[in-house]
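J.: I'd like to ask you about the structure that follows.
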Amino acid sequence: MSRFPAGHVRPHLWRRRAVLTAWLLGAVAVTARAGQIQIAQASTWKQIADGQHEGAVTLPAPRGTVLAAGGVPLSVTRERIEVYVAPREVQDAEAVKERLAGVLGLSGSRAERLVSRGSGWNRVGLYSLAVRDSLLRLPGVHLTSLYERYYPHGEIARGVTGVVIDGKGLGGIEQRYEGHLSGAPGSQVVARDSRGAPIPGQRMTVDEPRAGGEVVLTLDMELQEIAQSALMSAIDEHQAMGGDILITDPHSGEIRALFSIRDDNIAALSAINAPFEPGSTLKVFTVAALLDNGLADLNDVIDIDNGRWTINGRTLNDTHVEDEHITLRTALSESSNVGIAKAALALPEGLQYQNLRDFGFGTMTGIELPGEVAGSLYAPDRWSLQSPQSLAIGYEMSATPLQMAMAYGAIANGGVLMRPRLVREIRDANGTLVERFDPQEIRRVVKRRTAEQLGRALVDVVDSGTGGAAGIGGYQVAGKSGTARFATNGRYERGAYSSSFVGYFPADDPQLVIFVKLDRPSGNSYYGGAVAAPVTRATMEAALAANVLNLDKLANAQQRPVVVIPSDSYTAYATADISIPLPPVSPAGEDESTGVAVPDVSGLPARSAVRELHKHGLRVADVGAGSVLRTYPAAGSVVQRGGVVRLRYRGQDDE
C-alpha cells in the first residue's frame, strides 16, 4: 500500500518538474533575447560594433583669404602635411628610411625607429606641402592634410586682419567675416585599432569640405607699411605709450592704411576703440559751425584779453598768442583757446551740439571691424555752464581717431561726410564676385563754400601756424595740430598728453587724409605740432618717394619728388628744408656714388633695424617683431635709394 494518498505528487517529481520548467523558461528567454538582438535590434548593435572600430572625423575647410588692394594676400591658409609611418605596412624598410632621411631630413637612427617592425604606427611630424609628392604612394607612409593660418607680410596690418585661434577668427576682419571666411567643414570615417587610435590611411570621406570665400580690403600695402614704420619709429623716438595712424581717401571713404599700437601690442586697434579728448583739432568744427550759419567771418576781429579769459568760473589761457586782437583766421592757425572760445559765444547750444553730431561725433562710423565705440558727446540738457567753451576747444567730449579722420575728410570732400570703407569686395572661394561695396555718402555737413574757406584756413595752420612741421616745400598741406591732457578714471594726469595732427594733402585737390596721434610722449616736446605733425610729413614724403599714389595734379607742381631720409629725431628733420631729388635707377653692382649699400641689421630688434634702413634712404617691407635674421637683398648689396628691403626674423617660417 502506498504511503501517499491518491493524486498526491511525489516530492522528487515536483522538484524535477520545477527545474524543467525553469530550464524551459530560461531557454525561451534566451531565444527571445537572441531574436531581439539579431533581428529586431540588428542594425543598432551593428552600429555600436562598427563604432568600436570606426570613428567620424570632421574635416576642416580651407579658410578663405584676406587680401589688400591689388590682390596682395594678408591672411592665407596653407596646407601642411602630417606624416605617419605604419611599420607593419612597410614593404621595403631601407627605401622608406632613405626617403624619410632625404625628404624630411631625419637622422638615420630616428628613421630606423620609425620603420622598425613590432611597433604600432608612429607620427613623424608636420611638414610643408612640398614633401607630399616625394612620399605619396610609399607603402607604410601615410599623409594627412592639415590647414594653418599664414601671414605672408608678417605683422603688417595684423590689427586689421585679426588672428585665427582654434579655427575661429579673433579680432579684425577674421572675426567680422567669420561666417564667410570659415567655409563649411566636411566629414570622414576613420578606422580605429584595438586601442581606439585612428589607423593612418584607413579613411573614407563622406562629405567634402567647402572652402571659405575671400575678403578684399581697401588697404594699400605700400601705404600701410610706410604708416606703420613711421609711427613705430616716432613712438620709439619719443618714448610714447602708443599711438595711431590712419590714411583715408576723403572722396570714397576708403581706409588706405590703419595701424594702432599700445603697450607694444600692434593689434590694439585703439583707432576705433579708444576715444580721447581731441583738444585743438576740434576747433576747426567750431569755426565750421560759425561760418556755415553766417554767425562769423574768418576776418572778424576778436579781443583775446592778452591770452587769458575767465568765464563761468573757468580761466582759459593761450600759451603762444601774443597779440591782444586777432582775427578768427589767426585764432584757428595759432590755436588760440581764448579766441575760439569767445567766437563760440555766438553759437546757440543746440546748434553747437548738432554741428558736432553732423560731423559724426558721438556715433559709430560703421567701419567693418568689431569693437568700435562711439565716443561721447552729451546733449545740451547735460551741459554745465562751462560746457560750450570746453567743447569749442575740444574738451568735454571724446572721439576716436577714425572719427577725427572721417570728419576732416568731410572738409576735404567739399563738406560731405563719407562712411569709412575698409572692405571693397566679397568673393567666393573661386574668386567670383559676391558683393561689391561702393562709396556711401552719409550727409552734407557744411556748404561747399564753407569747406573751401576752412581748407584755406587750415593751409595757414601749416604754412604759418602751429602745424608747420607737417609742411612740404612746394606743396600745400591743410591740417591742424592738437595737444590734450590725458585723463585716467575721470582725472587728468599731470604731465601726460595725447599729441595729434590731422590734415589732408594736397590742399587744392585733396587725395589723402592723414591722422597721427601719440599717447604720453616723453620730454618737453609733447605738443602735437612738434610730435605728430612731423610723422605726417614723413609719411607723405615717403608715399611720394614710393610712387604708390595716383597724384596726377602733383605731376605739374614746381617741385621735384622727394625722398625722406629720417634722422634720429623726427623733429629735427621735419623742420628742415628737405628737398632731395630721387636718384636715377641704379642696378645692383654699381658703386655707392649712385646707389645705397644695404646695411647689416642682422641681430637688431625690428624697430632698430627699420630706423637704420630708413637712415640710408631705404624703405622696409615685412615690418614685424623680434630679432632680424637677414635682409633681402642681403647686407652689402647696392640698391637704388628709395628701394624696398624685406626683413626676415629669427624663428620665422621661410616657406
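J.: Starting from the amide H of Ala240, placed 1.01 Å from N in the peptide plane, find each other amide H under 5 Å away whose residue is 5 or more places distant or on another chain.
T.: Close amide H contacts, sequence-distant or interchain: Ser522.
J.: For the range 347-361, in order, what is each residue's ³J(HN,Hα) by Karplus, 6.51 cos²θ - 1.76 cosθ + 1.60 with θ = phi - 60°, in whole Hz (x at glycine and Pro)?
T.: So the J values, rounded to whole Hz, are 8, x, 4, x, 5, 4, 5, 5, 4, 5, 4, 5, 6, x, 7.
J.: Continuing with this model, one more query. In whole angstrom, how far apart do the alpha carbon centroids of the range 239-258 and the range 512-544 sit?
T.: Centre-to-centre (Cα) distance: 12 Å.
J.: Using the Karplus curve 6.51 cos²θ - 1.76 cosθ + 1.60 with θ = phi - 60°, work out ³J(HN,Hα) for each residue of the range 626-634 in order, rounded to whole Hz, and write x for Gly and Pro.
T.: x, 8, 6, 8, 6, 10, 10, x, 5
J.: Let me ask something else. I need two numbers for the range 221-574: Rg to one decimal and Dmax as a whole number, Cα atoms only, in Å.
T.: Rg, Dmax (Cα atoms, Å): 19.3, 68.
J.: Right, here's the next one. 5 Å is the cut-off here: which amide hydrogens, built 1.01 Å from N in the peptide plane, fall below it relative to Leu369, excluding neighbours closer than 5 in sequence?
T.: Distant-sequence amide H within range of Leu369: zero hits.
J.: Here's a follow-up. Can you list residues whose amide H is under 5 Å from Tyr127's amide H, if they're 5+ apart or on another chain and H is modeled 1.01 Å from N?
T.: Amide H to amide H, under 5 Å and 5 or more residues apart or across chains, Tyr127 pairs with Ile81, Glu82, Val83.
J.: I've got another one for you. Report the rotationally averaged projected area of the range 57-217 based on its alpha-carbon convex hull, in square nanometres.
T.: Dividing the Cα hull surface by four gives the mean projection, 10.9 nm².
J.: Let me ask you something else. Any chance you could tell me what percent of the C-alpha pair distances in the range 464-527 go past 13 Å? Mind showing how you got there, number by number?
T.: Details: 1319 of 2016 pairs.
So the portion of pairs separated by more than 13 Å is 65 percent.
Coordinate-derived values only; no laboratory data. Computed from a predicted structure; not experimentally measured.
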